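A short worksheet on the structure shown next.
None of the figures in this text is laboratory data; all of them are computed from the coordinates on show. Please read all numbers here as calculations on a predicted model, not as lab measurements. Methodologically, a virtual Cβ is constructed for each residue, glycine included, from the backbone with ideal geometry; neighbour enumeration extends over all protein chains shown.
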Amino acid sequence: MTSHGFACLEFEHRDAIALIGLREPATRNAISEAMRDELLEACAVVEAHPDMRAVVLYGAGDVFSSGANLREFGRATSVVEARRARGARNAYRRVLMLPLPTVAAMATVAVGGGLELALCCDVRVAAVGTRLGLPEVRRGFIPGGGGTQLVARRAGVRPADRLVLEGALIGAEEARRLGLVHEICPSPEAALARAVELANDLAEADPAAVAHVKRVLLAAS
Amino acid sequence: MSNLLGKRYKCEQCETEVLCLSGGAGTFECCDAPLTVVETEPLPSAD
């Protein structure tokens, strides 16, 4: 463990991997602005640290994330300021662009911004019973964390259209069939353990090669 | 005061800036003075 000042994250450097846990128990790990800022800091550490070769992203308390914190919405003073702020603290893009392998361990719920954050990871495992989806349209807005693009990239355009337009939640098995989830594990603990196992395996690859191939894969989409 | 992982610290005299990759109980110093935490720019809500 290392000493950190994160209020919304758990952070552990274990062997060659960094484990980053979303931690806002009162909101089922909703992604607040503070959490996004801390994710940006955590990503800076992971990218700069010579001994961190992979990342596991999980939710503390066996819940991945209930999505963006909706109570913080609607406070931008103008569209221009909103765009500037979004660009300045785009934690989703930061995770997507990390030059290290990233593995998300999902459990219970991964919806809205929570699913978008997981989709920014290279590999996704989910516990049995996890509910996933992008229900933003049902609340009057669109997935703004890259979900519209990433679902199409991970699952294909047709499933993406349906998932985003319907805004319905799906189970882990259907998500796996669509390609949104790579593996299903019997419990949240097993999902996290499997994510750590996968990350340790991915961490053995040459870091420079991984960084290059991730850039190429992103460019290919 | 301790050094916190993820925080950036700056020397007010020579402007050297460091990113803490592993936190600890110590205090970064430069030019015979403790470094100060670089605060993130306050931004309005993005949504």
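Could you sort A:16-29, A:97-110 so that the peptide with the highest average Cβ count within 10 Å comes first and the rest follow in order?
A:97-110, A:16-29
Using a simple spin-label model with points 7 Å from Cα along the Cα→Cβ vector, what separation in nm is obtained for A:ALA193 and A:ARG139?
Result: 3.4 nm between the two label points.
With Cβ to Cβ distances under 15 Å as the rule, what net charge do the other residues near A:GLY133 carry (K, R +1; D, E -1)?
The answer is +3.
For A:40-49, what's the mean count of beta carbons from other chains sitting within 10 Å of each residue's beta carbon?
The mean count of partner-chain Cβ atoms within 10 Å per residue comes to 4.
Can you give the net charge of the other residues whose Cβ lies under 12 Å from the Cβ of A:ALA60, counting K and R as +1 and D and E as -1?
Neighbourhood net charge equals -2.
So how much slack lies between A:ARG162 and A:ARG84, counting 0.36 nm per residue of separation and subtracting their Cα-Cα distance, in nm?
Fully extending the segment from A:ARG162 to A:ARG84 adds 25.0 nm.
When the Karplus curve 6.51 cos²θ - 1.76 cosθ + 1.60 is applied with θ = phi - 60°, which whole-Hz ³J(HN,Hα) does each residue of region A:106-116 get, with x for Gly and Pro?
Result, rounded to whole Hz: 9, 8, 6, 9, 9, 10, x, x, x, 5, 4.
Can you give the helix-only mean residue ellipticity at 222 nm for chain A, where every DSSP H stretch with n ≥ 4 adds -39500 (n - 2.57) and the sum goes over all residues, rounded to the nearest 500 deg cm²/dmol?
-12500 deg cm²/dmol
For a quick check: with amide H placed at 1.01 Å from N, whose amide H comes under 5 Å from A:VAL56's, ignoring anything fewer than 5 positions away on the same chain?
Long-range HN contacts for A:VAL56: A:ALA18, A:LEU19, A:ILE20, A:VAL103.
If you average the alpha carbon positions of region A:1-70 and of region A:150-221, how far apart do those two centres end up, in angstrom?
That distance is 18 Å.
Return the sequence-ordered ³J(HN,Hα) values of region B:18-25 in whole Hz as given by the Karplus equation 6.51 cos²θ - 1.76 cosθ + 1.60 applied to θ = phi - 60°, using x for Gly and Pro.
Per residue, the Karplus-derived 3J(HN,Hα) values read 10, 10, 7, 9, 8, x, x, 7 Hz.
According to the Kirkwood expression over distinct Cα-Cα pairs, how big is the hydrodynamic radius of the protein assembly as shown, in Å?
This gives a value of 19.0 Å.
Per residue of region A:165-174, in order, report the coupling 6.51 cos²θ - 1.76 cosθ + 1.60 (Karplus, θ = phi - 60°) as ³J(HN,Hα) in whole Hz, putting x for Gly and Pro.
6, 7, x, 7, 8, 10, x, 4, 5, 5
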